[in-house]
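The values are calculated or read from the model by the stated rules, or taken from the named source; none is laboratory data. Since this is a predicted model, take the numbers as computed values, not measurements. Don't worry about glycine lacking a Cβ; one is built from the backbone with ideal geometry, like all the others, and counts go over all protein chains shown.
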Amino acid sequence: MKGENNIRLLSGNHAVSWGVKLARPQVAPLYPITPQTPILEKLTEFHSRGELDAELLTPESEHSAMSACVAASLTGARVFTATSSQGLLLMHELLHYASGARAPIVMFNVNRTPGSPWAFWPDQIDSLSQRDTGWIKMYSESPQESLDTVIQAFRISEKLSLPLMISHDAFYVSHAVEPVALPQQEQVDSFLPAYKPELRLDTSLGQSFGAPIDQATWNRSRRETAAAMARVENEVLETGKAWGELTGRSYAALEHYRTEGAGVVIVTMGSMCGTVRDAVDALREQGSAVGLLKVRQFRPLPVQTLRNSLAGIPCALVLDRNYSPGMGGILHQELKSALFAMDDAPRVHGFLTGVGGVNVASMKIQQLVTEYADAEPSVDSVWVE
């Protein structure tokens, strides 16, 4: 049943903080870094007013913050943290440890260019470069989606015993202010029950984590992680449906916009999806059958759903706000792999658009569709001015 929502003007980062507050974490180790800092500041404000009953830790670095997250999570606590760019890169070692320990930590990353050269602009390479660490990875388009995804993330992560990282783009989302519907605390409490894992560090249980193991046992741990990853997409879908029943806002791994009968489908992630919608609407008015396929869940990549969504589509244009040196756009490469050996796969074009936070206007996207809809694709991703 949908309750009345409290509408507030919130930045993307403050929307994240509200989502965290409503989810009632017990421990939140946080280290400030631009442009993530407003998340920490707002949580500190909630805590100082007695509205957030959690232990807020401020360690000396992001590496220490993630160390604290792992330790707290393994005791059975609900844990949240947030970071960005160099902070996420500093955590890299512990990201592997968290996933290997099956610690259901929820982390919010604000996508920002890493150094060097030094900059503060939106670019997804910081989070995408962590794609093999064993974390579920989701990308948010708007402040509302960021709030909703934070709450859903705890339910998904704790159900599957996998850590989950959500990302939204710096400034385009993190500092942009939009109307956001805040769910009632009672709604969230009914949706997200208290976390009570059977396996945890507890002297009464006599269990431990991190003991040295043999090769076969380590191999088995990877297989168990793979089995949990295989359940992620369905859990994202079921959780998104349940959230929709409460709030009227449903979610899934992928989102379709005007893809019915499309001859060209644009595939992208994050804040660029909003600009693509404008371009799609303009092209449809001009008589061009164009749609958007938004990738919300990047890890595990929903391969079969992507194949089903693009089957029979003549052309797909992939827009990447990232650049993997020597490889190109990461989503472009991943999509080509997902569509391998598919008989009715589209021609896939990859474009490096918005790398380093460069603005990509609706007119530029319309131009790409016009120029490449009937062209033969290049193996390499194409830089867009």
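Overview of results
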| read-out | value |
| --- | --- |
| Test: residue in segment 178-193 that is polar (S, T, N, Q), farther than 21 Å from residue 54 by Cα, at pLDDT 95 or above and not in a helix (DSSP H, G or I) | no |
| Positions within segment 43-54 being within 22 Å of residue 75 (Cα to Cα) and within 25 Å of the chain's Cα centre (by Cα), in sequence order | 52, 54 |
| Residue list for segment 266-304, filter: in contact (Cβ under 8 Å) with a residue 40 or more places away in the chain, aliphatic (A, V, I, L, M) and more than 28 Å from residue 110 (Cβ to Cβ) | 282, 283, 290 |
| Pick from segment 27-59, criterion surrounded by fewer than 22 Cβ atoms within 10 Å (Cβ to Cβ) and touching a residue at least 60 places away in the same chain (Cβ under 8 Å), ranking: nearest to residue 180 (Cα to Cα) | 38 |
| Residue list for segment 121-166, filter: part of a loop (DSSP other than H, G, I, E, B), out of contact with any Gly (no Cβ under 8 Å at 6 or more places or on another chain) and of a type in the set (A, V, I, L, M, F, W, C) | 135 |
| Any hit, segment 186-200, residues being in contact (Cβ under 8 Å) with a residue 40 or more places away in the chain, exposed (fewer than 15 other Cβ atoms within 10 Å of the Cβ) and touching a strand residue (DSSP E or B) at 6+ places or on another chain (Cβ under 7 Å) | no |
| Long-range neighbours under 9 Å by Cβ, at least six apart or interchain, first residue under 14 Å from residue 101 (Cα atoms) within segment 60-87, second part of a strand (DSSP E or B) and aromatic (Phe, Trp, Tyr) | 69/80 |
| Strands (runs of 3 or more DSSP E) contained in segment 279-385 and holding at least 1 residues more than 23 Å from the chain's Cα centre (by Cα) and not assigned by TED's automatic domain parsing to the domain that holds residue 130 | 290-295, 315-320, 347-352 |
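Every residue, every condition in (1) in a helix (DSSP H, G or I); (2) basic (Lys, Arg); (3) closer than 20 Å to residue 79 by Cα; (4) in contact with a helix residue (DSSP H, G or I) (Cβ under 8 Å, 6 or more places away or on another chain), yes or no:
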{"residue": "220", "(1), (2), (3), (4)": "yes, yes, no, no"}
{"residue": "223", "(1), (2), (3), (4)": "yes, yes, no, no"}
{"residue": "238", "(1), (2), (3), (4)": "yes, no, no, no"}
{"residue": "243", "(1), (2), (3), (4)": "yes, no, no, yes"}
